[in-house]
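See structure below.
The values are calculated or read from the model by the stated rules, or taken from the named source; none is laboratory data. In this text, all values refer to a predicted model and were calculated from it rather than measured experimentally. Positions of Cβ are generated from backbone atoms using ideal geometry, with glycine treated the same way; all protein chains shown enter the neighbour counts. These area figures cover heavy atoms from the full protein model, side chains too; ligands, DNA and RNA do not enter into them. Shrake-Rupley method; radii C 1.70, N 1.55, O 1.52, S 1.80 Å.
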Amino acid sequence: NAFKQNNNLSSLPQNETLKLQTDSRQCFSSNNLSNFGKIDSSFLSNGEELFKNSNFDYNIGNWNMANCYTMSNMFLNTSMSQANCDAILTGWTRWNNGQSNITLQPNVSLHLGNTDYTRGGDAEDAFNYLVNTLNWTITFG
C-alpha cells in the first residue's frame with residue numbers, strides 16, 4: 001500500500017504498513033496527525049516538506065533514510081520534543097558506540113523544526129557526524 005505525492009493523510013491504519021514512495025513531498029503537511037501507524041521509508045528519496053506545518057511529534061528514529069537525498073523543510077513549523085529530535089539523529093545514523101552503522105547520502109539538507117537536540121551526548125555526536133563527515137546542512141527554527 002503506497003501513497004503518492006501530495007496525498008495528505010491524518011490517520012494511518014495500525015494494521016497496515018504504508019510505503020513512502022520515492023517522492024512523498026508534503027504527504028503529512030498541514031495535518032493534525034493523530035495516528036501514525038507503520039511506515040516503510042526505505043524507498044524514500046525526497047522527504048522535502050513531508051511534515052511541514054503539521055503537529056508532528058513522533059519518534060521516527062527507526063526509519064531507514066539511506067536513500068533520502070533531500071529533507072529540506074521536512075519539519076518546518078513543527079515543534080517536536082527534544083527526545084524525538086534526538087531519536088531522529090541517533091536513529092537515522094544508527095549511532096552506536098561512537099559511530100554510524102548505516103550508509104547515508106552525503107550533502108543532504110534537513111530542517112528539524114522548532115526544536116533542538118540534546119548537547120553533550122549521542123545526539124550531538126550524531127549531529128556532528130552528519131554535518132562534519134557527510135556534509136549535511138541541518139537547520140532549526
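Out of Asn135, Asn73, one residue alone is polar (S, T, N, Q) and touching a Lys or Arg at 6+ places or on another chain (Cβ under 9 Å). It is Asn73.
Looking only at the stretch 91-124, residues that are on the phi > 0 side of the Ramachandran plot and surrounded by 12 or more Cβ atoms within 10 Å (Cβ to Cβ) come to 2 in all.
The set of residues in the stretch 74-89 that are in contact with a strand residue (DSSP E or B) (Cβ under 7 Å, 6 or more places away or on another chain) and surrounded by fewer than 23 Cβ atoms within 10 Å (Cβ to Cβ) contains only Leu76.
When Phe43, Phe140, Phe127 are checked against the criterion of being open to solvent by 40 Å² or more (accessible area, probe 1.4 Å), touching a helix residue (DSSP H, G or I) at 6+ places or on another chain (Cβ under 9 Å) and free of Cβ contacts under 8 Å to residues at least 40 places away in the same chain, a single residue qualifies: Phe140. Restricting attention to the stretch 78-124, the residues being in contact with a helix residue (DSSP H, G or I) (Cβ under 6 Å, 6 or more places away or on another chain) and either of a type in the set (S, T, N, Q) or in contact (Cβ under 8 Å) with a residue 60 or more places away in the chain (or both) number 5.
Every residue, every condition in (1) in a loop (DSSP other than H, G, I, E, B); (2) farther than 19 Å from Ala126 by Cβ; (3) β-branched (Val, Ile, Thr), yes or no:
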site: Lys52; (1), (2), (3): yes, yes, no
site: Asp57; (1), (2), (3): yes, yes, no
site: Met65; (1), (2), (3): yes, no, no
site: Cys68; (1), (2), (3): yes, no, no
site: Ser79; (1), (2), (3): yes, yes, no
site: Cys85; (1), (2), (3): no, no, no
site: Leu89; (1), (2), (3): no, no, no
site: Asn101; (1), (2), (3): yes, no, no
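For the structure I just gave you, tell me whether Phe51 is within 12 Å of the chain's Cα centre (by Cα), surrounded by 17 or more Cβ atoms within 10 Å (Cβ to Cβ) and modelled with pLDDT of 85 or more. Answer is yes for this residue.
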